[in-house]
Ligand SMILES: [Zn+2]
Ligand SMILES: [Zn+2]
């Protein structure tokens, strides 16, 4: 809640006219509590995860021709029923784990100093803070994710996220409840170290979710704007991690590629890319930049059934480079 009763009062307090963005923020937030503003994040989560993957789901079902060739694991197709089940499972987790976690984490947001007042930060400050958040999240997530690939971590927790050997947008947050809680730490660490405005915090939560949906989309579109972000992993990069599954020792980073490069955990991926490149030049065909490919039919992309075995029987064929 802002400590001004009117726009003239806010103008007098700032000693200048409010910008358009500040006027909009005043009109929206002046009478709303900080707690209510913080809780917008829960609404954003539900909206983003319900709407952003929808075009991808449509592509998956309809196999729209100009776009279908960019499907990474081309032969793996999920039915609408299977995708809807994934959505329902994620929503269940949002409702009973993520939502309550957000509700009770408000005191920590106050403690680290997320502000809701005026003046608003400039756009370049917001962009720099977002970049710092992404880098801190990426680095921390890399090590937690790598840890979750040890025998205990994988079997007890991380296996759930890898049920989708060919991921879809809805599967981005599909994980064991403990993984959701643990991976909340990297997301929170950036704002805790470099606290910003509530708007920056909203943007951070929203962009992180959209990024996760894109990397799990299963499609590698050449026109994606993220292709222009230096060291950005993207869909093909993370898809390979799911493709290899439990045996994966490659591509642990959530956003960028430099951690895997520095710590030598991208060798399997780079080898596959090189192999596909050689095949393309031999066959004279182009594979749309895909680094890995499945063969065979009737694959549904879920690697773990109730009996714990791979439904499509490929779990022992896929190998990856182990570097440690
Ligand atoms: Zn993993
Ligand atoms: Zn994933």
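What is the helix-to-structure angle for 234-244, meaning the angle in degrees between its Cα long axis and the longest Cα principal axis of the chain, kept from 0 to 90 and rounded to the nearest 10?
Rounded to the nearest ten degrees, it is 50.
Kindly put 257, 282, 265 in sequence by how many other C-beta atoms sit within 10 Å of each C-beta, fewest to most.
If I rank by nearby Cβ atoms, fewest first, I get 282, 257, 265.
Select from 208, 146, 16 the residue whose mean-square fluctuation is largest in a Gaussian network model of the chain (Cα-Cα springs shorter than 10 Å).
Greatest mean-square fluctuation among the candidates belongs to 16.
Can you give the calculated 222 nm mean residue ellipticity of the chain, where each DSSP H run of n ≥ 4 adds -39,500 (n - 2.57) and the sum is split over every residue, rounded to the nearest 500 deg cm²/dmol?
Only helices count here, giving -16500 deg cm²/dmol.
Can you give me the angle between helix 20-29 and the longest principal axis of the chain, using Cα atoms only, in degrees from 0 to 90, rounded to the nearest 10?
The angle comes out at about 90 degrees.
Counting other C-beta atoms within 10 Å, which of 174, 263 has the fewest, and how do the rest follow? Working shown, then result.
Details: 174 21, 263 15.
The order, fewest Cβ neighbours first, is 263, 174.
How many angstrom lie between the C-alpha centres of segment 152-191 and segment 70-128?
Centre-to-centre (Cα) distance: 12 Å.
Can you sort 39, 259 so the residue with the fewest Cβ neighbours within 10 Å comes first?
Ascending Cβ contact count within 10 Å gives the list 39, 259.
Quick check on the chain: what are the equivalent-ellipsoid semi-axes from the Cα gyration tensor, as sqrt(5λ), descending, whole Å?
39, 20, 19
Given springs between every Cα pair under 10 Å in a Gaussian network model of the chain, which of 213, 262, 193 has the largest fluctuation?
So, out of 213, 262, 193, the one fluctuating most is 262.
If you line up the long axis of helix 34-51 against the longest principal axis of the chain, both from Cα atoms, how many degrees apart are they, to the nearest 10?
30
Bear in mind that the values in this text are calculations on the coordinates, not laboratory data. Bear in mind that the values here come from a model prediction, so they are computed numbers and not experimental data. Cβ sites come from the backbone with ideal geometry, for glycine too, and all protein chains shown count toward neighbours.
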